[in-house]
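Below: one structure, written as structure tokens.
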Amino acid sequence: MFPWLAAGHITPFLHLSNDLAGRGFTITFITPQKAIDRLGHLNRHPNLITFHPLTLPPVDGLPAGVETASEVPIELTHFLCVAMDRTRDQVEAVVRGTRAKLVVFDMAHWVPDITRPLGIRSVNYTVLGASAIAIVLVPARGLEKGKVLTEDELAVPPPGYPSSTVVLRRGYEAGLLGFLFMPYGEATTFWERISLGMKGCDALAMRTCEEIEGKLCGYLGEQYDKPVFLTGPVLPEPSEDRLEVDRWAKWLGRFEPGSVVFCAFGSQVFLERDQFQELVLGFELSGHPFLVALKPPFGASTTEEALPEGFEERVKGRGIVTGEWVEQVAILNHPSVGCFVNHCGFGSMWESLTSRCQIVMVPHLADQVLNTRLMAGELRVGLEVERGEKGWVSKEKVSEAIQCVMNSGNELGCSLRENHEKWRGVFSDPGFMSRYIDKFVQNVNELVKS
Ligand SMILES: O=c1ccn([C@@H]2O[C@H](COP(=O)(O)OP(=O)(O)O[C@H]3O[C@H](CO)[C@@H](O)[C@H](O)[C@H]3O)[C@@H](O)[C@H]2O)c(=O)[nH]1
């Protein structure tokens, strides 16, 4: 297993590893030491899953000691990717040394160049929604080296794209895809990297399910002419994280069931200071108790120092803003928590879907916008906070969205809750996730033997 060096990627790779180890696979998991330190506790089969620490070389532009994407603003992750590309020899040594039968990767597009000559199969595992790839990174786009699409071109889905809801709007949203054409890693742009990985591998794997993204996955398979293996959402049992919520449990326990708003924006979102302040003022304005776990905004070393004037005094006893990493799944499952304001990163999307919380979304990156459209427009299980000019999110809109989903008399809020409950029923069926993993195991076994 060789995931991109970001918690949002390493975590689902690790959950998949657990599921595979539970079915008898032996796994070497290649990732930097810092990620092992932070996420290693998720390894439920230490006898079968062995971490191999990846040593990143120093790279100009990458602050010393940085090993994972959450340690730098997203603009600097290009340098992290350069560092990852320069670990190719290490990865090849592990693949040879362990005599692996299968390598599962995502961002390291050069993995198939290692595995093919050795007669080893490789699977490109996308841990983002299928829409993020299908809407832009497909051969139907006619992309070629050096070609850059305009915002207007990006706002129009490629020929054959199978959804009219899960799309990006012109302007600000389409502009979020601009990064695809920038250098990302050694001598590649982002889209080249993803396309090369998808073309080079033996099969595509997607962390999603037929029920919500079946058509998009089918489209990807046709576009790349590859088999597509679905793993389902690969989420751990919620009870596994329960112990770690203890730190917040006492505080959360002071509030009525379902009354607290919890907010987290994953591992990669850094806000501007004024946007950060506006957002927390929105929680204050909502009148609900809240626990907000966000990174300090640009220019601040702690969240506390970036809070608006007098904020802490005013919300004392009912609101906390922390810059610490919290146990999100455990918090979502705490009985006092009733609403989850999130960025709709793919991991958080699944965690919100399988929780009982009402869902409010403030997406920041392009894939998060697409996930939000799926949740708000297609499944109708959550509410997207309306953005103003240039993507600004006002405190009034944040508060309105929270009140809409939290007010038991609100018609829209009630229908979102009903739909959410219906989908939660589908996903919490005891056999739902294991059926996907069983099928995935069958698929990879056949691939390895073929
Ligand atoms: O304080 C925190 C914050 C997050 N999490 C967990 O971290 C994971 C975050 O994953 P995700 O919601 O996917 O967010 P990101 O880390 O921001 O995800 C990156 O990777 C995702 C694919 O998994 C993409 O969809 C996102 O756009 C990209 O930012 C989830 O399991 C959360 O439960 C915590 O446990 N504690």
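Bear in mind that the values in this text are calculations on the coordinates, not laboratory data. Note that this is a predicted model, so its numbers are computed, not measured. All Cβ positions, glycine included, derive from the backbone under ideal geometry; neighbour counts span all protein chains shown.
Which parts of segment 347-384 would a label at Glu418 reach, counting a residue when its backbone N lies under 15 Å from a point 7 Å out along Cα-to-Cβ?
In segment 347-384, the label zone of Glu418 (backbone N under 15 Å from the point 7 Å along Cα→Cβ) covers 380-382.
Ranking request for peptides 393-402, 352-361, 174-183: highest mean number of other beta-carbon atoms within 10 Å first, then the rest in descending order.
Highest-to-lowest ranking by the protection proxy: 352-361, 393-402, 174-183.
For Ser267, what charge total do you get from the other residues with a beta carbon under 12 Å from its beta carbon, if Lys and Arg give +1 and Asp and Glu give -1?
So the environment of Ser267 carries a net charge of +1.
How much of the DSSP beta bridge set in the chain is antiparallel, as a percent to the nearest 5?
Details: 1 of 39 bridges.
Restricted to the chain, the bridges split so that about 5 percent are antiparallel.
Going by Cα centres, segment 368-442 and segment 284-327 are how many Å apart?
24 Å
Excluding Gly345 itself, what net charge comes from residues whose Cβ is under 10 Å from its Cβ, given Lys and Arg +1 and Asp and Glu -1?
-2
How large is the Rg to Rh ratio of the chain when both quantities use alpha carbon positions and Rh follows Kirkwood? Please report the intermediate quantities before stating the final value.
Details: Rg = 21.4 Å, Rh = 22.6 Å.
Here Rg/Rh amounts to 0.95.
Which percent of Cα pairs goes in each bin when the distances of segment 173-219 are cut into 10 angstrom slices starting at zero?
Percent of Cα pairs in each bin: 22, 35, 38, 5.
For segment 141-244, what does the alpha-carbon gyration tensor say about shape, rounded, prolate or oblate, given a ≥ b ≥ c as the root eigenvalues, a/c under 1.5 as rounded, and a/b over b/c as prolate?
prolate
In deg cm²/dmol and to the nearest 500, what is the mean residue ellipticity at 222 nm of the chain if only DSSP H runs of at least 4 residues count, each as -39500 (n - 2.57), divided by the residue total?
The helix contribution divided over the chain gives -12000 deg cm²/dmol.
What pairs from Lys295/Lys316; Lys145/Lys199; Lys34/Lys439 go past 25 Å between their alpha carbons?
Cα-Cα > 25 Å for Lys34/Lys439; rest within.
Let me make sure I get this right: for segment 63-143, a, b and c are the square roots of the gyration tensor eigenvalues over alpha carbons, sorted descending. Under 1.5 in a/c it's rounded, otherwise prolate if a/b > b/c, else oblate. Which is it?
Since a/c reaches 1.5 but b/c is at least a/b, the shape of segment 63-143 is classed as oblate.
Excluding same-chain residues fewer than 8 positions from Lys390, which lysines have a Cα within less than 16 Å of its Cα?
The qualifying lysines are none; the list is empty.
Hey, got the dipole for the chain? About the Cα centre, +1 on K and R Cβ, -1 on D and E Cβ, debye to the nearest 20?
Charge dipole, the chain, about its Cα centre: 1080 debye, nearest 20.
Using only the Cα atoms of segment 79-215, what do you get for the radius of gyration and for Dmax, in Å?
Cα only, segment 79-215: 16.2, 49 Å (Rg, Dmax).
So which aspartates and glutamates can Lys449 reach, going by Cα to Cα under 19 Å and dropping same-chain residues fewer than 8 places off?
Here the aspartates and glutamates satisfying the reach criterion relative to Lys449 are Asp202, Asp438.
What is the distance in Å between the Cα centres of segment 14-67 and segment 181-195?
Going from one Cα centre to the other spans 24 Å.
Name the shape class, rounded, prolate or oblate, that the alpha-carbon gyration tensor gives for segment 1-159, where a ≥ b ≥ c are the square roots of its eigenvalues, rounded holds for a/c under 1.5, and otherwise prolate holds if a/b is larger than b/c and oblate otherwise. Let's see the in-between values first.
Values: a/c = 1.69, a/b = 1.41, b/c = 1.20.
Prolate shape, in that a/c is at least 1.5 and a/b is the bigger ratio.
If you average the sequence gap of Cα pairs under 8 Å that are 6 or more apart and divide by the length of the chain, what percent do you get for the contact order?
14 percent
What is the gain in length, in nm to one decimal, between Asn410 and Ser450 on full extension, counting 0.36 nm per residue of separation less the C-alpha to C-alpha distance?
Taking Asn410 through Ser450 to full extension adds about 8.9 nm, to one decimal.
By average Cβ neighbour count within 10 Å, what is the ranking of 305-313, 105-113 from highest down?
Packing proxy ranking, top to bottom: 105-113, 305-313.
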